[in-house]
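Step one of this worksheet: look at the structure below.
The values are calculated or read from the model by the stated rules, or taken from the named source; none is laboratory data. The shown structure was predicted, so the numbers you read here are calculated from the model rather than taken from an experiment. As a convention, Cβ positions derive from the backbone with ideal geometry for all residues, glycine included, and neighbour counts pool all protein chains shown.
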Amino acid sequence: MRFRIIGIVITYFFILFSLPVLPQEKAEYDKTETADISKIETIDKDPSKLWVDLSGLMYFEWGYFSGFNNGDGNRWNKVARWGIDDSSFPALSGVSPTNIPVKNNNTFRMQRAYITLKKDIGDMFSVKLTTDIQPTSQDFIFLKYGFVQFYKEFFTPYGPIFLKAQGGKIATPNEGITDWLSDLRWISDNYLGKSRTILNGKSFDNPADFGGYFSIGLFQMLRLEYTYTNGEGYKFDNSETYTGKAHTVLASINPEYFRIKELFLNFYGRWEDTNKNKLDNSPLPAAPPIKYSGIESRSYMGFGVAWRSELIKIGINFFFPEMQFSKTVFILPITSYVSGHKEKFYLLDSWLNFNLGAVVRPAPILIVGRFAWGKEKKNLIGNERQERDTLVAAGGAGYQFNQYFRMVLYYEYIKYHLAIKIVDFTKRDPTPNQNIYLKAEVKY
């Protein structure tokens, strides 16, 4: 009888401790809720202890590349046609063909590896740290974000108002909202951030920078954001190469108050000063000193419209970037000569992200696409009145296995065109890119 009772007790405890393991699907579904409960339970604990929210995110890809190799976004020009070298024209000589597909031109790469720590330090303050990798020949880890945040929400008869401020290494608002609206950061950078690849090597914004951020949200209708930062990006927070600063603004209209929370109308702006006050003594003593020679400022204005829901995320942004070049030469101690020019561009970035799983849960099929276009306008001094157009068309299909893992097979076409008045029969536009990727996102 004693052994029977002991057997019954052991069986009871076995069943009791096995119950949380049996319904695996329910446990997977409740992970978010459990995380929220655990966060509430730790509020009363000692804030000096390391009670933090930990998360991670990784982007992997396999890629096959063909055509013009310009992944770094360098300046480009026409290339030799039929392997003809006309550098010593009229005598022509042969050179090896360039920009053609080759076998085994494929690779496996890890594009991003984020580890994020978050911690509340009171009712209104929190801190966040995010590390990342630099995908080079040998990956190394660096700090992508690191800031302290203030957040306070007020309730009024007309709707809520929130105030948010951040200080440290922060995300820039215009790139940040574009990536959030499209949810395609795991596929590719947005083309404001990677403008070098479609604006002939010219860059106009950074995904993160060191400085301050302020935001105000009004009545579930309007959000205004402003940042004052170094301007050189997250890799130069302790080693600025110029004395200028960057101002970035975002005005986002989202009529959530009128039950249209999926619609966003955005207005963008950024103004950055660079080295215009830097003295260049390199010509001395043979020539007068140059106060500054190079890029004086970078700026852009733009607008965009987007729709963001669980089923479909679609949108378009249009920007008008400008880059001011100048040169100031001291002729006498009391006089100087100033020359310069301004280069202007057009930049369009659009996206489509369709998730069938939002309406047919057993079939979370993904359809994604991106279309971007960049134009370097004619400029006599800047490009000898030669217009450059770069067009990107890409798309693919994939599958979202769960909320933590998704994959897509992706095709990318990039076409380059240089418009010149004097035709050179020995030169042609670079061969278009036709790239194929298998991309994956894993988060935890």
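Could you count how many residues in the range 351-396 are among the charged types (D, E, K, R) and part of a strand (DSSP E or B)?
6
For Phe319, all conditions in the list (1) part of a strand (DSSP E or B); (2) modelled with pLDDT under 95 hold save one; what is the number of the exception?
Among (1) part of a strand (DSSP E or B); (2) modelled with pLDDT under 95, the lone unmet condition for Phe319 is (2).
Out of Leu143, Leu184, report the one residue that is under 24 Å from Ile414 (Cα atoms) and either in contact with a helix residue (DSSP H, G or I) (Cβ under 9 Å, 6 or more places away or on another chain) or not charged (D, E, K, R) (or both).
Result of the check over Leu143, Leu184: Leu184.
Can you find even one residue in the range 153-168 that is modelled with pLDDT under 90, in the same structural domain as Asp72 (by TED's automatic domain parsing) and either of a type in the set (Ser, Thr, Tyr) or crowded, with 21+ Cβ neighbours inside 10 Å (or both)?
yes
Select from the range 411-444 the residues that are aliphatic (A, V, I, L, M) and assigned to a strand (DSSP E or B) and list them in ascending order.
Correct list: Ile414, Leu418, Ala419, Ile436, Leu438, Ala440, Val442.
Is there a residue in the range 221-230 that is assigned to a loop (DSSP other than H, G, I, E, B) and under 12 Å from the mean Cα position of the chain (by Cα)?
Keep residues of the range 221-230 that are assigned to a loop (DSSP other than H, G, I, E, B), which gives 221, 230.
Restricting the remaining residues to those that are under 12 Å from the mean Cα position of the chain (by Cα) gives none.
There is no residue in the range 221-230 that is assigned to a loop (DSSP other than H, G, I, E, B) and under 12 Å from the mean Cα position of the chain (by Cα).
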